[in-house]
Structures are given as structure tokens and as C-alpha cells.
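Written out below as C-alpha cells is the structure these notes cover.
Computed from the coordinates by the stated procedures, all read-outs in this text should not be read as laboratory data. What you see is a predicted model, and the numbers here were worked out from it, not measured in a lab. Please note: Cβ atoms are built from the backbone with ideal geometry, for glycine as well, and neighbour counts cover all protein chains shown.
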Amino acid sequence: MLSIYDSALDVPKLLKEWYESEAQSNYGAYIPFVGTVRSEDGIDGLSFDIYEPILNSWFEAWQKKANEKGAVIKMAHSRGDVMLHESSYIAAVFSPKRRVALEFIDEFVEDFKASAPIWKYDLIDGKRVYAKKRSTAIKGSGILGAKS
Amino acid sequence: MKREEVKVFYFSKNHSVIIQHLTYLRYNKEKKHKDIFVVKVEFLGPIQKEALELDIVDLNELAVILQEDEEVKEWLESCAVAVNDTLVSSLECPLKDGDKISLLPPVCGG
């Protein structure tokens, strides 16, 4: 399950909803990751653009991989502005045994950072500044560049 | 639409010289595309550029056009490319009328 919100995430509500949705599914482990906007470099918050068609297919590929191991992934992300100490990202894995969920949440969040089509901007003095230095080129990038 | 109309269309986009060059290349390479293609090219995230509609048959032609584009050429080395929302890894990707190409600059979710 992938949900996009036009605001900061309501962390207690989402974690509770996800917990309750799988409470009777016989999973032994529920491992959430909650991403919170931190105060650093004078920012007032972060802002996000999302390209949903490719985000959806990227997520579905991960969900299929998880399902093959008897696990399920849930994810929520914000679009637009999210201020300091609010949450913009939650991912969680449910699995029968803890090891699969622990490994999956690590792999999933790392690939999310490297591949999910989401663009981050710092909110500074009312401006939206692309977080270029913290961004990662998607694998296979550069094919349209000048050939050396 | 026929080829003559294409030139008028691109002239209005200040791309007439490039398009005529591509037309020349294409007719020498293969002669099967006589009607024009309209392929939409969109620029995602922080690339501040309006979508383009181009008459191109593969991504090699797109590379030629974008490498001449001052607004976008600095992004090309770091952008991934998707055709109809599927990422591609080669310029040898044939295009058809109505295809959508997306340029995805470096990402940072979370």
C-alpha cells in the first residue's frame, strides 16, 4: 500500500491504521521507519515533488518482492511543504519472522533514496531550493548527455 | 500531417535548423517514416522547463536536440529517461506517435 499526502504525515494515526490492518494477519514482526524533518542549515522545512506513475511501478516491484518472502510493505510520503519536526516519510514491513522484515526495511529504504522519483527542496527564507547535493542520479542516468 | 507542416511547426519553436538536419539524417538512414510523429517530452522535478512536442523517431534524435538546448543541457548527464513511464537504458529506443518521454533529475525522497 502506497499513500501520498498533500501535507505532513500524521504518524500516530498511520502507524495505528497499519497496525490494525494487519493485526489478524499472523505476522510476527512489524517494523516501521519514520522520517522526520530535522533542523539543520537554517531551513524552515522541506518540500517535495513526486512523479506518481513511476513511483507506483517502483513500489509495486518492491511489494511483489516482499510478497514472495511472505512479507508486505506499506509506505506513505508527503507532497509539498513539510515543516521542521514533522514527518514526510513512513515505510513499514510486516513479515512472519523478524529477520525478513529487518533486512527488507533496510534494502527498501536504501533503494527508495536512490530510485524513487521524488525531488526534495529546502525551504529557506520563503524560497524553495533544490537539494542538489543530497540528491542521487537514478541508475542508468546520463544517456542523453554528450558522448565523450 | 506531412513533412512540410513539420518544418513550419518547428520554425515556431526555433528548432528549424536542427529539425531539418534530423530530417536529412533520417531520410538517409531509413525511409519508412513519412508522416510526422508527435512525441511529448516532459521535464520533472527541479528542471524549470515547459514540456516539448517533437517529431522524433528515437532517443538519439532527442539527444541531438537537447544537447543544443541551453536550459536543459546541464541536466543531461545526471538525468534518467523514461518512455511511457518505464525507465530506459539505451538511446536505441524506437518511439511511436503519442509516446511520452520523461527526464528525471537526481532524486532525494524521505
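General remarks:
- Selected residue (criterion: farthest from the chain's Cα centre (by Cα)) from residues of the stretch B:75-107 that are under 16 Å from residue B:53 (Cα atoms) and polar (S, T, N, Q): B:84
- Residues of the stretch B:48-89 satisfying the condition of being without any contact (Cβ under 8 Å) to a residue 12 or more places away in the chain, within 11 Å of chain A (Cβ to nearest Cβ) and small (Gly, Ala, Ser): B:89
- Residue check for residue A:138: in a loop (DSSP other than H, G, I, E, B), under 22 Å from residue B:102 (Cα atoms) and either over 18 Å from the mean Cα position of the chain (by Cα) or among the aromatic types (Phe, Trp, Tyr) (or both): no
- Conditions (1) in a strand (DSSP E or B); (2) under 30 Å from residue A:132 (Cα atoms); (3) more than 14 Å from chain B (Cβ to nearest Cβ); number of the one not met by residue A:40: (1)
- Residue ID - nearest to the chain's Cα centre (by Cα), chosen from residues in the stretch B:45-74 that are crowded, with 20+ Cβ neighbours inside 10 Å and under 28 Å from residue A:60 (Cα atoms): B:59
- Some residue of the stretch B:101-108 being closer than 23 Å to residue A:50 by Cα and surrounded by fewer than 14 Cβ atoms within 10 Å (Cβ to Cβ): no
- Residues that are surrounded by fewer than 17 Cβ atoms within 10 Å (Cβ to Cβ), more than 30 Å from residue A:124 (Cα to Cα), touching a residue at least 40 places away in the same chain (Cβ under 8 Å) and not polar (S, T, N, Q) do occur in the stretch A:6-25, at least one of them.
- Scan of the stretch A:26-37 for residues that are surrounded by 13 or more Cβ atoms within 10 Å (Cβ to Cβ) and either out of contact with any helix residue (DSSP H, G or I) (no Cβ under 8 Å at 6 or more places or on another chain) or outside any strand (DSSP E or B) (or both), ordered by number: A:27, A:35, A:36, A:37
- Filtered residue count, the stretch A:130-148, keeping only those that are touching a strand residue (DSSP E or B) at 6+ places or on another chain (Cβ under 8 Å) and more than 7 Å from chain B (Cβ to nearest Cβ): 1
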